[in-house]
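Structure, as structure tokens:
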Amino acid sequence: SKEHPSAPSRSSGGLSRRVAERVTAPVFLRAVHRWMFTLVMAHAVAVPLLVLRAPRVLPYVYIAELLLLVSIRLVYYYQLHWHYFCLDFCYFGNATLVAYLLFFPHSERLFVVCFAIAHGPLLFAVVAYRNSLVPHSLDKMTSCFIHIAPPIVLFALRWHAVAGWSTCAHADLVLDLPQRASSPAAPAAPAALWTLEDVCESPGSLVWLLVVPMAAFAGHQLLYFLIVQVLPNKTLREDKTYLTSYRYLMSLRGLVYNLATCFGYRFRVAGYAVVCLAYGALSLLPMPLWWSSYWANVAVLAASLLVMTHNGAGFYTEVFSRKYAAAHGLHAQQLAPDVAEELA
């Protein structure tokens, strides 16, 4: 006998409900949070070891984690109508780095561009979007990863000799790197390790360090506005539950909103575009310093990690202060400023 067509749907629906109930149960969520916290702490120990002792492995670890985290985010954000966030420049920057690592590993020009994008718009987004190091939260850690992982990978490639990628490695800081020939008769250093070319050290490299990354940022912004603002589909245009970076940042009524509307509310879209371009340009201005100085590069990465940690500490302080207040009968007014949105 043939099964009734509606039977699979009923079974599938019942199974979906049971799965949904199980994955949203408090016991399951607590277990997920514990494992997330544990994995993030293990990751914090492993990454410095990879940077210092096995930089060749780090790019592959980064690619695997990026694919996993972005895939999960796409599914999660699609259900919440937030998937247009995945059109942001940060995802483009990560995709560019993956293209370099997998398909154009010997393009030093592309390496310079990736370095600038990662240490410019991506790294500055840690401050702009208030990324928080909250180890139990998959969503918050994904945001941190998207912005901080590319600079760390490129830092390792920039300042360490890594066979397989042409990276303008700095000779003075490379362990076991053969020296340049001291006389015409002396043998030259192996090409696989000695990858310095004109693009890395000449003044012309500023084109690839500043001009090309800014052009890429501006081009992406133009395409983004065409998709989201000029030619949006009917659903995106009429359904305000669909969030984009523009809608999110403008809804905060903060600095971005004030700057974008300073010439009038009717010009807010054009004002927002100008704000974005100014952000990209300002984030790229110190790039020659990050590129040419090992310790300046270390300092900007450390500062970004401290900002994320400070933001995360504020989150945990509020969480535990509220629990403490609930346990001791204190009122909300006696606590530090609210983080209701974070706790939601």
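The values are calculated or read from the model by the stated rules, or taken from the named source; none is laboratory data. Just so it is clear, the structure is predicted and the values come from calculations on it, not from any experiment. Note: ideal-geometry Cβ built from the backbone for every residue, glycine included; neighbour counts use all protein chains shown. These area figures cover heavy atoms from the full protein model, side chains too; ligands, DNA and RNA do not enter into them. Shrake-Rupley method; radii C 1.70, N 1.55, O 1.52, S 1.80 Å.
For the criterion of being closer than 25 Å to Gly312 by Cβ and either free of Cβ contacts under 8 Å to residues at least 40 places away in the same chain or open to solvent by less than 70 Å² (accessible area, probe 1.4 Å) (or both), Leu80 passes. Of the residues Pro48, Pro55, which single one is surrounded by fewer than 12 Cβ atoms within 10 Å (Cβ to Cβ) and modelled with pLDDT under 90? Matching residue, one of Pro48, Pro55: Pro48. The set of residues in region 267-314 that are under 20 Å from the mean Cα position of the chain (by Cα) and hydroxyl-bearing (Ser, Thr, Tyr) comprises Tyr279, Ser283, Ser304, Thr309. Within region 125-144, can one find any residue that is of a type in the set (Phe, Trp, Tyr) and more than 18 Å from Arg73 (Cα to Cα)? Within region 125-144, none of the residues are of a type in the set (Phe, Trp, Tyr) and more than 18 Å from Arg73 (Cα to Cα). None of Ala125, Ala99, Ala95 is open to solvent by less than 40 Å² (accessible area, probe 1.4 Å) and within 19 Å of Gln221 (Cβ to Cβ) except Ala125. Can you confirm whether region 232-240 contains a residue that is closer than 30 Å to Leu154 by Cα and either more than 24 Å from the chain's Cα centre (by Cα) or assigned to a helix (DSSP H, G or I) (or both)? Within region 232-240, not a single residue is closer than 30 Å to Leu154 by Cα and either more than 24 Å from the chain's Cα centre (by Cα) or assigned to a helix (DSSP H, G or I) (or both).
Every listed requirement among (1) open to solvent by less than 40 Å² (accessible area, probe 1.4 Å); (2) without any contact (Cβ under 8 Å) to a residue 40 or more places away in the chain; (3) of a type outside the set (S, T, N, Q) is met by Leu236 save one, (2). For region 263-282, indicate whether the set of residues that are open to solvent by less than 50 Å² (accessible area, probe 1.4 Å), farther than 20 Å from Tyr248 by Cβ and assigned to a helix (DSSP H, G or I) is non-empty. Looking for residues that are open to solvent by less than 50 Å² (accessible area, probe 1.4 Å), farther than 20 Å from Tyr248 by Cβ and assigned to a helix (DSSP H, G or I), one finds at least one in region 263-282, hence yes. Of the helices (runs of 4 or more DSSP H) entirely within region 284-344, those holding at least 1 residues that are loosely packed, with under 14 Cβ neighbours inside 10 Å and at pLDDT 55 or above occupy 287-292, 294-328. I need the full set of residues from region 91-113 which are closer than 19 Å to Ala64 by Cβ and not in a loop (DSSP other than H, G, I, E, B), in order please. If the condition is that a residue be closer than 19 Å to Ala64 by Cβ and not in a loop (DSSP other than H, G, I, E, B), then Tyr91, Gly93, Asn94, Ala95, Thr96, Leu97, Val98, Ala99, Tyr100, Leu101, Leu102, Phe103 are the ones that fit.
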